[in-house]
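Participant: Provided herewith is a single structure, encoded as structure tokens, for subsequent inquiry.
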Amino acid sequence: MSFCDYVYLQFQIYHFINLSRSGVQLRSSSSKVYILAIVSFLVGTSEYALSGILDKVAASLDVSLAAAGQLITIFSLLYALCTPILMALTASMDRRKLIVISMGIFVASNILAFVLPGYGLFVVARILMAIGAGVVVVTALNIAAKIAPSGKQASAIATVVMGFTASLIIGVPLGRVTADTLGWKSIFGGIAILGILAIIILYLVIPRIEGDVPVPLKQQLSLLKKPKVALGLAITFFWLGGYSIAYTYLSPYLLQVSALNEQFLSGALLVFGIASMIGSKLGGLSADRWGVNRTLFGGFTLHIIMLILLSVVTHTLVGVIIVLLLWSFSAWSSGPTQQYHLTTIEPEASGVMLSLNQSMMQLAMAAGAGMGGIAIETFTLSSITWIGAGGIAIAIIALIVLNRVNAVVKVNVNH
């Protein structure tokens, strides 16, 4: 999603408000999906924005960088653990009602983050934010699939996911600019205002949609007993965990280790986000043309090289930007490829596999942020790229082991 697309989506919302006053209904399912994408964008911004302002948050709350980084760990951990449970408990609930209630929790938590003082109370706000955010995103994906025309469900889901990904491109650098201008807490105040507007629009636009037949959480987790599934999810964990170790502390790293000038930081974050979108697109194309294994192995290898180079290339703006471009490109080329990869491991349970993968991704981000904080406290800020590269290396090992397991299974089947 480009910046122009984002402006267009904002215009769609504004246009709808004016039409609704005259009693005109918004009927296009694609417009509804775009609104869900904007909601997803708001949630993603609330999660990722801290990575771009971590130095300011630490200074404002008078805590260390590591302690500030744990705010991301808390969010991701609660998102990963609570979302599957809450979705299982609310499976039969009307989807419109569920997304409105969860958005209400999300908005309230952002208001608390904006008004409450101190680190401890901000932690409480982040916990509530994660609980609301997880249900919002999964419900938005569910609604998008149900309201999309036949044969368009996959593209509808991709649009909502693109909204979440767009928060990396627009939300993080925009958050940095907002923090520089109005203070970092204003980010959450702004999200709360837009969230209230989103609740009104969701209630008016989204029709009543029946829930699903509940799938017991125990039944979903039983897949983890299968070695292939465990290895497949391990690839996600170590790939994204290694990425998160470095990305969580990217802003202070660029300022202190790479010696990037403060005035170039927002631009560098924007470049990073754009490269992630390009990587996601080309990663999917590469998987179709050259296969999943080659795409993952190539992306992981380049990912490792760029993380190591980032610790070498310092005090040169062009060099740092080039490394950031290739790092983000390589990291996110693995995203859609790995998601597709998991559906091929258990084709008959692809939906559950994707759900488990979403939780694993959030657990990986929580673990990565936590590990990065420990690395900063124990070693130095510059160590996070090397430790992150080590995580990606383990993902490569898991990929190799999984391929060997698959090869053995094929030999046994043929005999």
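Participant: Quick one: 3J(HN,Hα) in Hz for the stretch 104-120, Karplus 6.51/-1.76/1.60 with θ = phi - 60°, rounded, Gly and Pro as x.
Facilitator: With coefficients 6.51, -1.76 and 1.60, one gets x, 5, 4, 5, 4, 5, 5, 5, 4, 4, 6, 9, 7, x, x, 5, x Hz.
Participant: Further, regarding this structure: In the neighborhood of residue 369, defined by Cβ-to-Cβ distances under 14 Å, what is the net charge if each Lys or Arg adds +1 and each Asp or Glu adds -1?
Facilitator: Net charge around residue 369: -1.
Participant: When you take every Cα atom in the stretch 23-214, what is the radius of gyration, and what is Dmax, the widest Cα pair distance, in Å?
Facilitator: Just the Cα atoms of the stretch 23-214 yield Rg and Dmax of 16.7, 53 Å.
Participant: Then there's this: With only alpha-carbon pairs counted, each pair once and no self-pairs, how large is the Kirkwood hydrodynamic radius of the stretch 241-330 in angstroms?
Facilitator: One over the average 1/r among Cα pairs gives 13.5 Å for the stretch 241-330.
Participant: Sequence neighbours fewer than 8 away in the same chain don't count; with that in mind, list the lysines whose C-alpha is under 21 Å from residue 228.
Facilitator: Straight-distance partners of residue 228: 218, 410.
Participant: With a point put 7 Å past each Cα toward its Cβ, work out how far residue 89 is from residue 301 in nm, to one decimal.
Facilitator: Going by the 7 Å Cα→Cβ label model, 4.7 nm.
Participant: Right, something else. Need the C-alpha centroid separation for the stretch 137-151 versus the stretch 183-244, integer Å.
Facilitator: The stretch 137-151 and the stretch 183-244 have Cα centres spaced 14 Å from each other.
Participant: Label-point separation (nm) for residue 124 and residue 348, each offset 7 Å from Cα along Cα-to-Cβ?
Facilitator: Label-label distance for residue 124 and residue 348, simple model: 4.9 nm.
Participant: Note down the Stokes-Einstein diffusion coefficient of the stretch 216-410 in µm²/s, whole number, using a Kirkwood radius over alpha carbon pairs, 4 °C, and 1.567 mPa s.
Facilitator: My calculation gives 76 µm²/s for D.
Participant: Would you count, across the stretch 23-214, every pair of lysines whose alpha carbons are under 19 angstrom apart, provided the pair is eight or more residues apart or spans two chains?
Facilitator: 5
Participant: Counting only heavy atoms of protein chains, what accessible area per residue, in Å², does the chain have with a probe of 1.4 Å?
Facilitator: Solvent-accessible surface per residue comes out at 42 Å².
Participant: For the stretch 358-372, what does the Karplus curve 6.51 cos²θ - 1.76 cosθ + 1.60, with θ = phi - 60°, yield as ³J(HN,Hα) per residue in whole Hz, taken in order and with x for Gly and Pro?
Facilitator: The phi angles translate into 4, 5, 5, 4, 5, 4, 5, 5, 5, 5, x, 5, x, 5, x Hz.
Participant: Can you work out the FRET efficiency for the pair residue 105 and residue 322, with r the C-beta to C-beta distance and R0 = 25 Å, to the nearest 0.05?
Facilitator: Using R0 = 25 Å, I get an efficiency of 0.05.
Participant: Next question, about the same structure. How long are the semi-axes of the equivalent ellipsoid of the chain, taking √(5λ) for every eigenvalue λ of the Cα gyration tensor, in whole Å from largest down?
Facilitator: Whole-Å semi-axes of the equivalent ellipsoid: 31, 29, 20.
Participant: What whole-number distance in Å separates the alpha-carbon centres of the stretch 256-322 and the stretch 56-101?
Facilitator: 27
Participant: When the helix-only estimate is applied to the chain (DSSP H runs of n ≥ 4, each -39,500 (n - 2.57), divided by the residue count), what is the mean residue ellipticity at 222 nm, nearest 500 deg cm²/dmol?
Facilitator: -28500 deg cm²/dmol
Participant: Report the dimensions of the stretch 171-220 along its three principal axes from the alpha-carbon atoms, largest first, rounded to Å.
Facilitator: Between the extreme Cα coordinates on each principal axis of the stretch 171-220 lie 48, 32, 15 Å.
Participant: Turning to a different aspect of this structure: Round to a whole number: what % of the accessible area of the stretch 236-279 belongs to carbon and sulfur, probe 1.4 Å?
Facilitator: Roughly 69 percent, rounded to a whole number.
Participant: If I compute solvent accessible area with a 1.4 Å probe over the protein chains, what percent of it on the stretch 23-214 is carbon and sulfur?
Facilitator: In the stretch 23-214, the share of accessible area belonging to carbon and sulfur is 70 percent.
Participant: What is the sum of charges, Lys and Arg at +1 and Asp and Glu at -1, for the other residues whose Cβ falls under 15 Å from the Cβ of residue 230?
Facilitator: Counting the neighbours of residue 230, the net charge comes to +3.
Participant: Suppose the chain between residue 221 and residue 145 were pulled fully straight at 0.36 nm per residue; how much longer would it get relative to their current alpha carbon spacing?
Facilitator: Going from the current span to full extension adds 25.0 nm.
The values are calculated or read from the model by the stated rules, or taken from the named source; none is laboratory data. What you see is a predicted model; the values in this text were computed from it and never measured. Note: ideal-geometry Cβ built from the backbone for every residue, glycine included; neighbour counts use all protein chains shown. Only protein heavy atoms, including side chains, enter the accessible area calculation; ligands, DNA and RNA are left aside. Shrake-Rupley method; radii C 1.70, N 1.55, O 1.52, S 1.80 Å.
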